[in-house]
Amino acid sequence: MKNQRILMAQRPVGEPDDSCFQLEEVDVPELEDGQVLIKVLWLSLDPYMRGRMNDMKSYVEPLQIGDVMSGESAGVVVESRSPRFQKGDYLTAHLGWQTMIVARGDDPRLMKVNPDNGPLSAHLGVVGMPGRTAYFGLLELGKPKSGETLVVAAASGAVGSVVGQIAKIKGLRVVGIAGGEEKCRYVKEELGFDDCLDYKSGDLGEKLKKACPDGIDIYFENVGGEVTRAVAPLLNKGARVPVCGYVSKYNDEDMSKAETPFDILRALDDVPEHRFFVVTEWTDRWQEATEQLGAWVKEGRIKYRESVGEGLENAPELFRGLLRGRNFGKQLVKIAEE
Ligand SMILES: NC(=O)c1ccc[n+]([C@@H]2O[C@H](COP(=O)([O-])OP(=O)(O)OC[C@H]3O[C@@H](n4cnc5c(N)ncnc54)[C@H](OP(=O)(O)O)[C@@H]3O)[C@@H](O)[C@H]2O)c1
């Protein structure tokens, strides 16, 4: 039996081209006691993976050349010598871009999937890591109050779409920002945001002023750059800015020199409450978030959309597309039929 996997072949300068990735095929070893064999069905592509490719320390160590690309996948246990998993169990595994994974059953990077919370692919999106990021970032750091105004960009994406819909559930006025008319229409008409502005069509500052007549109380930061510069002057006294990421800068040739949301926010006269967070700060409450998100999805109060590509060999191109906004909803790669 063979495992296909993608390694980081060299560090990118700017957008990662094909020379940064190497697809290889290796034998799947015999299982040892305590191990499981996972057949991967879905691979998740996420913006943070770009940061891991830089030789820069962040909240986790960077990838080294020759390492398997970081990433989370969802699959099924096809053989088990671990008491924690049985053949046929569904799970997510944070073990990189590969098709057949051998892991210790007690590895904390494996999480059992409860099918009651949604389809397997949703455990990489709306009820998985991005959904939980929205849940904790908004509720713990955004501290939303009914009647307030929230703005979130990358609003049709995996995290942004959930941020806005939870904020609607909590009674806020919600304004999304997204790239292009089609995404904006979806965010308003399908996801039920009060408004959605296309940052690519110009005058974002003016449009925001009109869409947020009472100013902005929470800005959930996903993108940075020109969007943050347009939002910043409209932040009210006492505003909160959970800094989740700033994807507009991830392909910069030198990330260490990129303008960050912190540079923009700290230059304001009234500096809002803001900090960077990582979803792993709340690992002990992941179950709670997944169940709550699953319940909201079942009740039809949270909707989601997936952008599905096929085949591990296409992951690099799909990953480039994600960082350019070619995805429409959670970006997944279908690796094998369920
Ligand atoms: N802190 C954490 O624990 C954590 C966890 C998960 C994700 N994140 C962060 O959350 C953010 C969203 O991630 P996601 O997984 O939900 O991805 P996503 O929104 O599904 O996809 C990325 C989106 O970013 C937008 N984008 C790309 N370049 C842009 C630019 N120059 N200006 C404005 N928007 C741009 C594109 O949407 P448009 O077409 O609408 O521009 C694209 O679809 C990222 O910053 C990511 O790093 C953080």
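Derivation of every value follows stated rules applied to the coordinates shown; laboratory data play no part. Quick caveat, the model's predicted, so the values are computed rather than measured. Here the Cβ is made from the backbone with ideal geometry for all residues, glycine too, and neighbour counts use every protein chain on show.
Highest mean first, what order results for 172-185, 63-76 on Cβ atoms within 10 Å?
Values: 172-185: 22.0, 63-76: 19.4.
Descending mean neighbour count gives 172-185, 63-76.
Under unit Cβ charges (Lys, Arg +1; Asp, Glu -1), what dipole magnitude, rounded to 20 debye, does segment 129-280 have relative to its Cα centre?
Details: 20 positive and 23 negative charges, 94 e Å.
Dipole of segment 129-280, to the nearest 20 debye: 460 debye.
Averaged over every viewing direction, what's the projected area of the C-alpha convex hull for segment 68-155? Give it in nm², one decimal, please.
Details: hull surface 31.0 nm².
Spelled out: convex hull of the Cα atoms, projected over all directions, averaged, 7.8 nm².
Quickly rank 98-104, 268-274, 202-208 as a protection proxy: mean count of other C-beta atoms within 10 Å, highest first. Write down the numbers at each step before the final one.
Numbers: 98-104: 20.4, 268-274: 13.1, 202-208: 15.0.
Top of the packing list down: 98-104, 202-208, 268-274.
Cα-Cα pairs above 25 Å in segment 129-280: how many percent? Please list the in-between numbers first.
On the way: 2148 of 11476 pairs.
Considering segment 129-280, 19 percent of its Cα-Cα pairs are separated by more than 25 Å.
Which value in Å is the Kirkwood Rh of segment 206-281 over different Cα pairs? It would help to have the intermediate numbers written out before the result.
Details: mean 1/r = 0.0772 Å⁻¹.
Roughly 13.0 Å, rounded to one decimal.
Using the Cα gyration tensor of segment 1-136, with a ≥ b ≥ c the square roots of its eigenvalues, what is the shape: rounded (a/c below 1.5), prolate (a/b larger than b/c) or oblate (neither)? All intermediate terms of the calculation are to be shown ahead of the outcome.
Values: a/c = 2.05, a/b = 1.29, b/c = 1.59.
Oblate, because a/c is 1.5 or more while a/b does not exceed b/c.
Counting residues in the chain as N, plug N into 2.2 N^0.38 Å and put the Cα Rg over that result.
Values: Rg = 20.0 Å, N = 338, 2.2 N^0.38 = 20.1 Å.
The value comes to 1.00.
Taking the Cβ of Gly125 as the center, what net charge do the other residues with Cβ under 14 Å away carry, scoring Lys and Arg +1 and Asp and Glu -1?
On the way: positive: Arg132, Lys303, Arg305, Lys330, Lys334; negative: Asp46, Glu72, Glu306.
Local net charge: +2.
What order, most packed first, do the peptides 141-151, 309-319 have when packing is the mean number of other Cβ atoms within 10 Å of each residue? Can you show the working numbers first?
Values: 141-151: 19.6, 309-319: 17.8.
Most protected by this proxy first, the peptides run 141-151, 309-319.
Can you tell me the equivalent ellipsoid semi-axes for segment 79-126? Use √(5λ) from the Cα gyration tensor, largest first, whole Å. Display every interim value, and only then the final one.
Working: eigenvalues 65, 37, 18 Å².
Sorted largest first and rounded, they come to 18, 14, 9 Å.
At q = 0.17, 0.18, 0.26 Å⁻¹, what is the log10 ratio I(q)/I(0) for segment 171-241, with the Debye formula run over Cα points and no solvent?
-0.58, -0.66, -1.37
For segment 236-338, what is the charge dipole size about the Cα centre, in debye to the nearest 20, if Lys and Arg each add +1 at the Cβ and Asp and Glu each add -1 at the Cβ? The partial results should precede the final answer.
On the way: 16 positive and 19 negative charges, 78 e Å.
Computed charge dipole of segment 236-338: roughly 380 debye.
Taking the Cα centre of the chain as origin and charging only Cβ (+1 Lys, Arg; -1 Asp, Glu), how large is the dipole, in debye to the nearest 20?
Numbers: 43 positive and 53 negative charges, 186 e Å.
That gives a dipole near 900 debye.
Which of the aspartates and glutamates could a cross-linker span from Lys334 if the Cα-Cα distance has to be under 19 Å and same-chain partners fewer than 8 positions apart are dropped?
Of all the aspartates and glutamates, those that pass the test against Lys334 - Cα under 19 Å, at least 8 places apart if same chain - are Glu24, Glu25, Asp46, Glu72, Asp89, Glu306, Glu310, Glu313, Glu317.
With point charges of +1 on the Cβ of Lys and Arg and -1 on the Cβ of Asp and Glu, referenced to the Cα centre of the chain, which listed residue (Pro16, Ile302, Ile335) lies farthest in the positive direction of the dipole?
Value: Ile302.
As a test of understanding, state the convex hull volume per residue of segment 274-313 from its alpha carbons, in Å³. Could the numbers behind the result be given before it?
Numbers: hull volume 6.9 nm³, N = 40.
So the per-residue hull volume is 171 Å³.
Count the net charge of all other residues whose Cβ sits under 14 Å from the Cβ of Val78, scoring Lys and Arg as +1 and Asp and Glu as -1. The partial results should precede the final answer.
Numbers: positive: Lys2, Lys39, Arg81, Lys87; negative: Glu30, Glu79, Asp89, Glu337, Glu338.
Its environment carries a net charge of -1.
Would you work out if segment 240-338 is rounded, prolate or oblate? Take a ≥ b ≥ c from the square roots of the eigenvalues of the alpha-carbon gyration tensor; rounded if a/c is under 1.5, else prolate when a/b is larger than b/c, oblate otherwise.
On the way: a/c = 2.38, a/b = 1.25, b/c = 1.90.
Because a/c hits 1.5 or more and a/b fails to exceed b/c, segment 240-338 counts as oblate.
Taking 1 over the mean of 1/r across every pair of different Cα atoms in segment 8-83, what Kirkwood radius in Å do you get? Before the final figure, lay out the partial values.
Working: mean 1/r = 0.0685 Å⁻¹.
So the Kirkwood estimate lands at 14.6 Å.
Return the calculated 222 nm mean residue ellipticity for the chain, to the nearest 500 deg cm²/dmol, obtained by summing -39500 (n - 2.57) across DSSP H runs with n ≥ 4 and dividing by the residue count.
Values: 9 runs with 78 residues, N = 338.
The per-residue figure over the chain is -6500 deg cm²/dmol.
Just checking the chain: which Cys have no other cysteine's beta-carbon under 4.7 Å?
Cys20, Cys212, Cys244
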